[in-house]
Structures are given as C-alpha cells and as structure tokens.
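*Asks:* The structure's right below; bear with me while I get my questions together.
The values are calculated or read from the model by the stated rules, or taken from the named source; none is laboratory data. Since we're looking at a predicted model, the values are computed, not measured. Positions of Cβ are backbone-derived with ideal geometry, glycine not excepted, and every protein chain shown enters the neighbour counts. Each accessible area value is taken on the protein alone, full model and side chains, heavy atoms only, with ligands, DNA and RNA left out. Shrake-Rupley method; radii C 1.70, N 1.55, O 1.52, S 1.80 Å.
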Amino acid sequence: MRLRDTTVVFLCAFLGMMVLFMPLPVLNGPYEDLRADDVQWTCSMPLLSLAPHDVDLDEVREAVAVARAEELATGQSYVPPESQHPLCGGLARTQVVLALLAFAGAFWKGRKWWRSTADIRAEKRFKRLHESVDNPDSRSRIFR
C-alpha cells in the first residue's frame, strides 16, 4: 500500500499531537510492594509533567492502610487512594521525544512533498495568468 505524501504528513502530525497531549495508561501494574488494585495511579499530560514532584511512597502506603482500615470498619467496598505514579516523569519525557520525532518526520515529508510539487503549482499559476491575458472577458467583474 502506497500512501500519498500529504497523508503521511497528516498521520505523523496527528500521532505527534496525540503522544504529546495524552498520557499513556500503562502504569496499572504493581509497583514495589503495592499491588495493582491498592492504588489508582494517574499521570498528567506529558507536556505539563516533564519534571513532576517526587512521589513519597510511604505516604501512599499510609493512605492505602487507612483506606483498608476504613473498609474493615465500615464494611463498604474498598476505594483505592489516587496518586501520581513515580515513573510518570520518565514516561512523559519519552513521550515528548517521540512527539518531536513524529513532528520531524512530518516536517521532512511535508517539505519533500512541497518541493516535488513546486513545478505543478508554478504551471497552474502560469496557466491562470495567460488565460486572463488571452481572454479578459473570462475574468470576474471584480478584477476588470
């Protein structure tokens, strides 16, 4: 399957925007001694979280212990505490690098397309210019 250059440019730019503005939800597994269902891990938008604050895992463990104790005391279902994942910073930086690579690919392919179609655009302008000179009545009333 051969894609047109403009399609490739659009796909690269679209993927770059998606990677840059959407956090990847891959951090749902266990981390150190916290099970996957103990904490609701979150990450913010990669563009805004290149250097996030450090996550204190002791505080997260205390919040889990409090939530477990509350579950036993009240008999309600367990509501996991929410915390930012400690690896979000590295993931955000990786996503920004991937987005920059996608934008570089889009720029390169777009420039290649623009240069390869320059003669076609020039021929169209030349043809329009000569049509308007050869037949002045064909021009619209605005340009008479």
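*Asks:* Given (1) closer than 30 Å to PHE107 by Cβ; (2) of a type in the set (Lys, Arg); (3) more than 22 Å from the chain's Cα centre (by Cα), where does ARG93 come up short, assuming only one miss?
*Replies:* For ARG93, the exception is condition (3).
*Asks:* Among the numbered criteria (1) of a type outside the set (Ser, Thr, Tyr); (2) in contact with a Cys (Cβ under 6 Å, 6 or more places away or on another chain); (3) closer than 25 Å to TYR31 by Cα, which one does GLU70 miss?
*Replies:* The one condition GLU70 does not meet is (2).
*Asks:* Now, a different point. Output the residues belonging to the stretch 65-89 that are of a type in the set (Ser, Thr, Tyr) and farther than 15 Å from TRP41 by Cβ.
*Replies:* THR74, SER77, TYR78 - these are the residues of the stretch 65-89 that are of a type in the set (Ser, Thr, Tyr) and farther than 15 Å from TRP41 by Cβ.
*Asks:* Also: Which members of the stretch 28-38 meet the condition of being open to solvent by less than 40 Å² (accessible area, probe 1.4 Å) and touching a residue at least 40 places away in the same chain (Cβ under 8 Å)?
*Replies:* Filtering the stretch 28-38 down to residues open to solvent by less than 40 Å² (accessible area, probe 1.4 Å) leaves 29, 34, 38.
ASP38 - this is the single residue of the stretch 28-38 that is open to solvent by less than 40 Å² (accessible area, probe 1.4 Å) and touching a residue at least 40 places away in the same chain (Cβ under 8 Å).
*Asks:* Something else about it: If you take the residues of the stretch 6-27 that are open to solvent by 40 Å² or more (accessible area, probe 1.4 Å) and touching a Leu at 6+ places or on another chain (Cβ under 9 Å), which of them is farthest from MET45 (Cα to Cα)?
*Replies:* The residue in question is LEU11.
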